[in-house]
Each structure stands twice: as C-alpha cells, then as structure tokens.
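To start, the structure itself, in structure tokens.
The values are calculated or read from the model by the stated rules, or taken from the named source; none is laboratory data. These figures come from a predicted structure and were not determined experimentally. Backbone-built Cβ (ideal geometry, glycine too); neighbour counts: all protein chains shown.
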Amino acid sequence: MTLDNTKQPTAARGDTADLAPVLALRGITKTFPGVRALGGVDLALYPGQVTALVGENGAGKSTLVKVLTGIYRPDAGDIVIDDTPTQFQTATDASDAGVTAIHQETVLFDDLTVAENIFLGHAPRTRWGLIDWGTMRTQATEILTRIGANLDPDATLRELGIANKHLVAIARALSVQARVVVMDEPTAALSRAEIEELYDLVDRLKSEGKAILFISHKFDEIFRIADRYTVFRDGEMVGAGMIADITENKLVEMMVGRPVGQVFPTRSTNIGDEILRVAGYSHPTEFADINFGLRRGEILGFYGLVGAGRSEFMQALFGVTKPSKGAIKIDGKIAIIRSPNEAIEQGIVYVPEDRGKQGAITDLPIFQNVTLPSLGRISGNGFLKMAEEFSLARKYTERLDLRAAALDQNVGNLSGGNQQKVVIAKWLATLPKVIILDEPTKGIDVGSKAAVHEFMAELANEGLSVIMVSSEIPEILGMSDRVIVMREGRIVDEYDREGLTPEKLVRAAAGYEESA
Amino acid sequence: MSISDTALRTIPNRLHSRGYRLIRSWEVLLLGVAILIFFANTQASPYFLDPWNLSDASFNFTEKAMIAFAMALLIITGEIDLSVAGIIALSSTAMGYALQLGAGTPTLVLIGLSVGVLCGAFNGVLITKMGLPSIVVTIGTMSLFRGIAYIVLGDQAFNGYPSDFSVFGRGYAFGVITWEIVIFVVLAIGFGVLLHLTNFGRKLYVIGNNPTAALFSGVKVQRTKMILFLLTGLMSGLAAVCLTSRLGSTRPSIALGWELEVVTMVVLGGISILGGSGTIVGVVIAALVMGMVTFGLGLLNVPGIVMSIFIGGLLIGVIALPRLIGLIAAQRKR
C-alpha cells in the first residue's frame with residue numbers, strides 16, 4: 001500500500017449543498033437482549049468536514065461506532081459508501097473500506113515500536129514476503145512528520161504519553177489511507193496544550209479531505225472544531241445540521257429532551273470549622289510540600305493540568321500510596337493513614353477517576369458494591385445480613401436517583417453515569433466526613449453530570465466537606481468555594497470563589513506570568 | 001445526614017425470582033450430571049449400591065476435597081496453589097520422621113498440620129509480601145517441598161504408624177460412615193458458611209473481580225490472601241494426616257499429581273479459573289461426580305489412565321457446554 005494521500009479530493013469544502021457524503025448510515029437498528037441500542041438512525045459523513053456526534057451516555061454513540069468499525073453487525077439498515085449500499089461483516093471489511101477509529105483509550109500495543117504500531121497488519125513487505133523494516137521506518141517517519149509529530153519510530157509505545165499515543169493512532173489512520181476517521185472522545189485524557197495540538201491535526205485531516213466523526217462531551221470543543229452535528233437520544237437520531245446554525249443551549253436541549261436551566265446549583269454557603277488540615281505532605285517523585293485546610297461544608301476545588309500530581313496526592317491522602325513526609329489532622333487530632341481502610345475509619349473517602357479499574361466492581365451486583373466498605377457496620381459478628389444490605393443499598397442509590405432494573409444487577413451493565421452514582425453511593429453509605437471526588441463527571445452525560453453537581457451541593461449543605469479534583473474549568477468555577485491550583489506536584493496558588501476567572505486558573509496551572 | 005424517603009421510584013431487590021436463578025445455575029447442571037453418572041453406575045455394576053462399597057469409594061475424593069475447599073477460596077480471589085501435593089509429601093515425611101523419634105498420635109497430627117501451615121506461610125509470604133505471581137511461586141515450591149521429602153527418604157519409606165493413628169484414614173464414626181466422610185461434611189458446611197454467609201467470603205469475590213477497586217474500598221487484599229494460603233496449607237496438612245493414616249506409610253511419591261486433580265475438582269465445581277465466581281456447593285457436587293466416575297469405572301475394571309482421560313473429557317465437556325449453548329443462541333440472534 002502506498003502513502004500517497006494527496007490524491008484524495010480536497011475540493012468542494014465549504015459549499016455543502018451539493019456535497020455527496022463519503023459514508024452514510026441509513027436506518028441502522030441494533031438490539032441487545034432487552035435493550036434497543038439503536039432504532040433506525042441516520043448519519044452522514046462528508047469529505048473534509050467534521051461531524052460531531054453528541055448525546056448522553058446510553059444514547060447509542062458507542063454502539064454506532066462499533067457498527068461503523070465492523071465490530072457489531074446491525075439488525076437492519078445500510079451502510080452506504082459512495083452511493084453503494086454495503087455491509088461490514090468484520091472489522092477488516094470496515095478498515096478495507098477506509099474507516100478507521102481513534103478510541104478514548106487508544107487500542108495500541110505498548111510493547112511494540114511506533115513504526116510497528118502504525119503498520120500493524122499492513123506492513124510493507126520485501127519480495128520474500130518478510131517485513132521490509134527499512135521502508136517501514138522511512139514511511140513511518142514520513143507520516144509522523146506530516147502530522148507534525150516528532151517521534152522516534154523505533155521507540156516503544158510504553159515510553160510515550162497518552163497524547164503521543166494518540167498521534168501514533170492518527171498516524172496509523174493515515175497509513176491505511178483512511179477516508180473516514182472516527183474519534184471517540186480523543187481529548188478526554190489530554191492536557192490543554194495537547195488538545196490544541198489535536199485540533200491542529202484535525203484541521204490537517206480536514207484539509208486532506210477526510211471525513212471525521214468526532215464524539216465528545218465537551219461543548220467548547222464541538223463548537224470549536226465541528227462543521228456539522230448529529231444528536232442522538234435513547235438510540236434515536238433527534239437532530240442534525242450545521243454547527244453554525246445552532247446554539248449550545250439548543251444542542252443541550254436536544255440531547256436531554258428538555259430545556260436546561262441553571263447549569264450549576266446555587267447553594268447556601270454555610271461553612272463551618274476546619275475539619276481537615278494537611279501539613280507538608282510530600283512524596284519522593286509525585287508531589288511536595290502540600291499544605292491546606294478544609295472546613296465543614298466546604299467544596300474545595302483542585303485544578304491543574306494532567307500530571308500536576310493532584311490524583312497522586314489524593315491517593316496518598318486516602319492511604320493508597322505512602323507519603324515520605326507530612327502529617328494530617330482530622331477534627332484537630334493527628335491522624336495516621338497507612339491504608340484506605342484506615343482512611344475510611346477516619347471518615348475520608350475517595351471516588352477515583354478511573355471508575356472501571358478503581359471504583360466499580362463491574363461483575364458484582366449493585367448492592368454488593370454499595371455495601372462493601374460498610375459491611376463491618378451492618379453485619380452481625382462478621383455474618384452478612386442480606387435484608388440490611390438491600391435496605392442500605394436502596395437508601396443511597398435511590399437518593400442518587402440511580403437508574404437500574406434491580407439492585408442485584410451487575411454494575412457493568414449500567415451506563416457510565418449510573419456506575420458513578422453507585423460508586424458515590426458506596427462512599428456515602430460509610431457516613432464520611434470528607435469525600436474526595438476525582439474528576440467526578442469525566443465521561444458522563446449531561447443529565448448525570450447535573451445530578452452529580454446538584455448532589456455535591458446538597459452534601460456540602462448538609463455539612464459534608466468535599467474535595468473536588470477537576471480539569472474542567474466551568475465545573476471548578478461553578479462548584480468550588482475555594483480553588484487550589486497545583487503545578488508539577490506543588491500548590492502554586494489558592495483562590496476564593498469571588499472574582500476568580502478562567503484566565504487566572506489557566507495561567508496559574510500552566511505557569512504563565514502574563515496572560516497568553 | 002438526613003435521608004429523604006421520597007424517592008421517585010423503587011428499584012426492586014432482585015431481577016429474577018429465586019427459582020429462576022436456581023434453574024439457571026451451574027450447580028443444578030452439575031447435579032444433573034451427577035445423577036446421570038449415579039444411574040449409569042447402578043446399571044454398570046450390581047456392586048455399586050452396596051453401602052460398604054460406597055463408603056470405601058468415598059476415600060478417593062474426601063481427602064482431595066478437603067484441599068479443594070480451600071483451593072476454591074484461593075482461586076476465587078484470583079490466586080492458585082499448585083504446591084498442595086508437595087505440602088502433603090513434606091508434611092507426611094515430617095510425621096514419619098517424628099515417628100522415628102518416638103512421637104505419639106497427638107504429636108504426629110500436630111506436626112502434620114503445623115508443617116502444612118508453615119508451607120502455606122512460606123508460599124503466602126513470597127506471594128503477598130514480595131508480590132510474586134502465585135502460579136510461579138507454587139510451581140517452584142511444589143518441587144521444593146517434595147524435593148525435601150525425597151532427600152529425607154530417598155527410596156525408603158516410613159512405616160509402623162501406631163494403631164490409634166489409623167483412625168483418621170480408616171476409622172468409622174458410626175455404621176458405614178467413615179471419619180473422613182464426617183470431616184468432609186463438616187468442612188463443606190464450614191467453608192460454605194465462610195464463603196457465602198460472612199463478610200470475609202464476600203471480600204474474596206470482590207478481590208477476585210477487581211483487586212484494585214477492592215483495595216480502594218478498604219479491603220485488606222494482601223492480608224486476606226495470606227490467610228487463604230495459610231488455610232490451604234492447613235487443609236493440605238489435614239489431607240496429609242488422613243492419607244498417611246489411611247496408607248499407614250510415607251513414601252516421597254505420596255499424593256503425586258494431586259494438585260491437578262484438586263484444581264480440576266474446583267473448576268468442575270464452577271469456580272471460575274479467572275477468579276471472582278463460583279460456590280462451595282458446586283465443589284461438593286464436583287467432588288461427588290469425580291468420586292463416582294472413578295469408582296464406577298473401577299468397578300468395570302477400567303485402567304487408571306482411561307479414567308484420567310474420562311475425567312479430562314468430562315471437565316472440558318462440562319465447561320464447554322454452557323459456552324456452546326450461549327454461542328448457538330447468539331448465532332441465531334445475529
């Protein structure tokens with residue numbers, strides 16, 4: 001396969017009236033036992049344009065991506081490529097048709113080199129049928145240069161950060177001469193600067209005439225880079241059109257099916273005495289000299305770039321990792337926390353960022369997830385009490401308005417937002433004093449997001465102290481009473497809610513002295 | 001914290017009724033297999049239903065089942081102990097050695113159990129304190145423990161255990177019921193209660209499903225695993241006492257290859273080899289199935305190697321069946 005992508009048509013950009021889609025989905029239906037994931041949806045992707053696919057979690061976006069990449073076969077409907085209806089029987093069919101996907105968590109191979117990852121499955125061959133390493137390296141360098149990625153083709157993926165891994169995934173997409181590039185929440189794990197680089201890249205792909213399907217929860221980026229939008233709700237397409245013709249509010253309304261009012265809940269600021277004091281917390285590599293106090297009923301935001309050491313510090317506070325120095329006081333008394341178990345006993349709980357790995361136990365039922373850290377309290381001499389387990393689980397899941405068929409349903413069968421509710425319910429059931437929420441709304445839909453925010457405010461009003469780690473500026477500004485900014489493992493600034501602007505936060509986090 | 005009772009809607013506790021869940025369970029399927037084999041055996045040999053024959057036959061699964069109960073808990077947490085047969089060899093050798101020094105029955109039992117626990121502790125420390133994978137560690141200690149037995153014994157055997165020591169392996173509690181059957185039943189109930197009715201048991205499933213989330217939820221993951229390695233060592237020691245008592249002698253090749261039969265019993269019982277699921281009831285039925293198959297084929301004078309082929313085929317067949325049914329069902333849907 002050659003790498004000559006420049007032959008792709010680049011004309012007809014801008015003028016969309018008579019533009020033919022590269023790929024169109026017509027009436028795609030896909031059902032799973034008990035669930036209709038997609039009910040006859042349409043979607044068109046145009047050359048040189050970015051189509052944003054928006055919808056709440058569970059709206060059918062992921063299912064659609066899997067249909068588009070040949071992983072699922074639809075029950076009904078056509079995939080139309082250049083006006084020819086076709087079927088993707090396997091993932092290979094999809095990639096042969098020029099559809100390639102860049103996933104949220106990239107599916108690349110950590111132990112292979114950059115070049116190997118780019119050319120896996122279609123490496124250039126010598127005439128003996130062996131891999132032509134020289135050509136492969138040259139072509140890899142060529143593609144990497146074209147997307148402005150300064151990477152060593154011989155480096156193994158393990159050595160690269162998530163942003164660079166995305167670049168490799170994009171290089172891979174280009175190497176197969178993709179015509180359609182699906183990007184499934186590509187910016188979820190990226191820092192601000194890396195996101196900017198990704199936007200540049202998307203522009204470059206557009207100028208090469210690729211049709212791009214861009215899936216995102218972040219409205220700012222949708223309005224920044226998309227040309228078109230398609231909205232899904234509950235497996236149906238509820239709207240599509242040009243981005244220029246729609247407002248953010250309208251889009252949200254379409255997604256949730258109801259008008260959205262105030263985005264962040266207002267609350268009575270009734271902040272009490274200091275409940276937690278952290279002094280000089282340090283770690284050999286991740287963070288140093290962390291000092292702050294937290295008061296009753298306060299929401300304290302932690303802002304910073306990815307890699308600023310916020311999560312690492314929170315995990316040390318929760319006893320997962322050990323600090324090298326430092327002390328904490330809870331309610332004025334020195335507390336020693338060497339394990340999560342001791343943290344829970346002291347009333348500190350942590351809702352981790354990585355829900356699937358650290359938060360939810362997906363193959364166990366909801367009620368067992370919720371009661372896990374509270375088992376000691378609700379059991380009799382170490383024996384389980386089912387009735388009490390169910391009532392405790394019910395009390396907290398219903399308070400969080402969990403959407404589930406039954407309490408013995410496995411957590412893995414719930415949507416992302418509902419899984420997060422289960423994890424939060426689990427911690428509230430321990431009756432904590434301090435709850436640490438690490439990126440509490442990352443990757444969850446608008447409706448669940450609002451529910452989590454509302455709930456956070458309610459908890460604080462009831463006197464619970466909240467530490468919220470977030471990389472979303474609107475969330476930090478909308479929810480926090482006070483904001484601490486971390487950079488390179490240290491606290492660099494602290495702000496009150498009053499008079500705090502996004503610019504101040506970004507500058508502090510990035511370390512710019514003057515406004516950029 | 002005040003909790004409002006005015007929820008929008010009520011989520012039911014259970015999606016399916018108790019009966020539905022029972023019918024769909026692995027244990028019921030396995031019980032069906034057990035009943036089939038039972039009837040096949042009654043047809044195959046007129047001697048099968050003789051109570052004394054059945055009682056004698058129980059020896060070919062009771063000792064393995066003792067270890068299988070502990071192994072089941074270990075496999076549920078995602079670990080494994082392949083050194084159990086090695087532990088029996090070392091434990092039995094230690095008893096034989098103590099016998100030469102004039103130890104009486106109580107001392108012998110104490111030594112048998114303690115050596116088991118010590119071996120378990122050795123495995124446990126390497127795995128939970130040093131973070132080594134259990135499959136590697138216990139393949140190593142499997143050879144290590146038995147190797148020590150070979151060094152001590154060479155091609156010799158320890159004989160001459162006191163007559164009151166033989167009660168564990170050969171004695172009858174009442175009627176045709178042996179002490180080993182009594183121990184088997186007591187352990188089955190004990191382990192069943194531990195796994196299914198206690199906090200400790202619940203945490204094993206949690207660890208097996210997601211060790212990281214377990215740690216983040218305050219479960220003492222390494223300590224729990226350590227306890228299970230000690231428990232498996234103890235059960236191996238107990239099996240060593242019973243087996244040595246039954247055989248009346250110790251050779252270094254004692255219980256050779258048992259680790260795989262124990263693991264087979266556990267997996268056949270529906271404990272996922274990947275951890276996180278399965279029940280003690282399943283292991284009990286699997287023990288009965290394996291015992292009956294061995295006994296039934298024995299009555300028909302089928303050679304041992306054919307028996308292992310049959311057991312192997314049974315394992316793969318029973319494991320593959322539900323997967324096969326699922327695949328066919330999925331194929332029809334597509």
Among the residues of region A:296-330 satisfying the criterion of being more than 25 Å from the chain's Cα centre (by Cα) and part of a strand (DSSP E or B), which is farthest from residue A:495 (Cα to Cα)?
-> A:325
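Specify which of the listed residues (A:493, A:438) is surrounded by fewer than 20 Cβ atoms within 10 Å (Cβ to Cβ) and either under 29 Å from residue A:272 (Cα atoms) or out of contact with any helix residue (DSSP H, G or I) (no Cβ under 6 Å at 6 or more places or on another chain) (or both).
Numbers: A:438 fails: surrounded by fewer than 20 Cβ atoms within 10 Å (Cβ to Cβ).
After applying the criteria, what remains is A:493.
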Segments classed as helices (runs of 4 or more DSSP H), wholly inside region B:13-96, with at least 1 members that are polar (S, T, N, Q) and in contact (Cβ under 8 Å) with a residue 40 or more places away in the chain = B:26-44, B:51-57, B:59-76
Pairing a residue in region A:137-164 that is surrounded by 15 or more Cβ atoms within 10 Å (Cβ to Cβ) with any residue that is basic (Lys, Arg), where Cβ atoms lie under 9 Å and the two sit 6 or more apart in sequence or on different chains, gives A:143/A:172; A:146/A:204; A:147/A:204; A:153/A:137; A:157/A:165
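Which strands (runs of 3 or more DSSP E) does region A:174-257 wholly contain that include 1 or more residues that are of a type in the set (Val, Ile, Thr), in contact (Cβ under 8 Å) with a residue 40 or more places away in the chain and assigned by TED's automatic domain parsing to the domain that holds residue A:65? If you could, list the steps in order and put the result at the bottom.
On the way: elements: A:180-184, A:211-215, A:228-233, A:236-242.
By residue number, A:180-184, A:211-215, A:228-233.
Can you tell me how many residues in region A:473-505 are small (Gly, Ala, Ser) and in a strand (DSSP E or B)?
The first filter runs over region A:473-505 and keeps only residues small (Gly, Ala, Ser), leaving A:478, A:480, A:489, A:499.
Filter once more, so that each one left must be in a strand (DSSP E or B): none.
Adding up the residues that qualify gives 0.
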Starting from region B:238-255, keep only residues that are at positive phi, then list their pairs with residues that are in a helix (DSSP H, G or I) and at pLDDT below 95 whose Cβ atoms are within a distance under 7 Å, requiring at least 6 positions of separation or different chains.
-> B:248/B:166
Number of the condition not met by residue A:414 [criteria: (1) more than 10 Å from chain B (Cβ to nearest Cβ); (2) hydrophobic (A, V, I, L, M, F, W, C); (3) within 19 Å of residue A:435 (Cα to Cα)] | (3)
Restrict the check to region B:299-314 and report whether at least one residue is surrounded by 17 or more Cβ atoms within 10 Å (Cβ to Cβ) and of a type in the set (Gly, Ala, Ser).
-> no
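Going through B:139, B:227 one at a time, which residue ends up being within 21 Å of residue B:87 (Cα to Cα), under 21 Å from the mean Cα position of the chain (by Cα), within 14 Å of another protein chain (Cβ to nearest Cβ) and of a type outside the set (S, T, N, Q)? Write out each step before concluding.
Values: B:139 fails: within 14 Å of another protein chain (Cβ to nearest Cβ).
Answer to the selection: B:227.
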Would you please list the contacts, defined by Cβ atoms under 6 Å and residues six or more apart or on different chains, that run from a residue in region A:460-475 that is within 14 Å of chain B (Cβ to nearest Cβ) and surrounded by fewer than 22 Cβ atoms within 10 Å (Cβ to Cβ) to a residue that is assigned to a helix (DSSP H, G or I) and of a type outside the set (Phe, Trp, Tyr)?
-> none
Within region B:160-179, can one find any residue that is within 15 Å of residue B:65 (Cβ to Cβ) and exposed (fewer than 15 other Cβ atoms within 10 Å of the Cβ)?
-> no
Go through region A:348-394 residue by residue and tally those that are surrounded by fewer than 18 Cβ atoms within 10 Å (Cβ to Cβ), at the interface with another protein chain (Cβ under 8 Å from one of its Cβ atoms), over 26 Å from the mean Cα position of the chain (by Cα) and in a helix (DSSP H, G or I).
-> 1
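Tell me, please, whether a residue that is without any contact (Cβ under 8 Å) to a residue 24 or more places away in the chain and of a type outside the set (Phe, Trp, Tyr) can be found in region B:286-297. Even if it seems obvious, please write down each step before you answer.
From region B:286-297, those without any contact (Cβ under 8 Å) to a residue 24 or more places away in the chain are B:297; that's our starting set.
Next, only the ones that are of a type outside the set (Phe, Trp, Tyr) stay: B:297.
Yes, region B:286-297 contains at least one residue that is without any contact (Cβ under 8 Å) to a residue 24 or more places away in the chain and of a type outside the set (Phe, Trp, Tyr).
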Given the conditions (1) modelled with pLDDT of 85 or more; (2) under 23 Å from the mean Cα position of the chain (by Cα), which single one is not true for residue A:57?
-> (1)
The lone condition residue A:334 fails out of (1) among the hydrophobic types (A, V, I, L, M, F, W, C); (2) at the interface with another protein chain (Cβ under 9 Å from one of its Cβ atoms); (3) without any contact (Cβ under 8 Å) to a residue 40 or more places away in the chain; (4) not in a helix (DSSP H, G or I) is (2)
Could you count how many residues in region A:430-450 are modelled with pLDDT of 90 or more and β-branched (Val, Ile, Thr)?
-> 4
Condition test on residue A:299, is it in contact with a strand residue (DSSP E or B) (Cβ under 9 Å, 6 or more places away or on another chain), surrounded by fewer than 16 Cβ atoms within 10 Å (Cβ to Cβ) and either more than 24 Å from residue A:190 (Cα to Cα) or away from every other protein chain (no Cβ under 14 Å) (or both)?
-> no
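Hey, among A:445, A:438, which residue is within 14 Å of chain B (Cβ to nearest Cβ), of a type outside the set (A, V, I, L, M, F, W, C) and within 22 Å of the chain's Cα centre (by Cα)? If you could, list the steps in order and put the result at the bottom.
Values: A:445 fails: within 14 Å of chain B (Cβ to nearest Cβ).
Result of the check over A:445, A:438: A:438.
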All positions within region A:98-123 that are without any contact (Cβ under 8 Å) to a residue 40 or more places away in the chain, in a loop (DSSP other than H, G, I, E, B) and crowded, with 16+ Cβ neighbours inside 10 Å | A:123
Residue check: is residue A:423 touching a Ser or Thr at 6+ places or on another chain (Cβ under 7 Å) and in contact (Cβ under 8 Å) with a residue 12 or more places away in the chain?
-> no
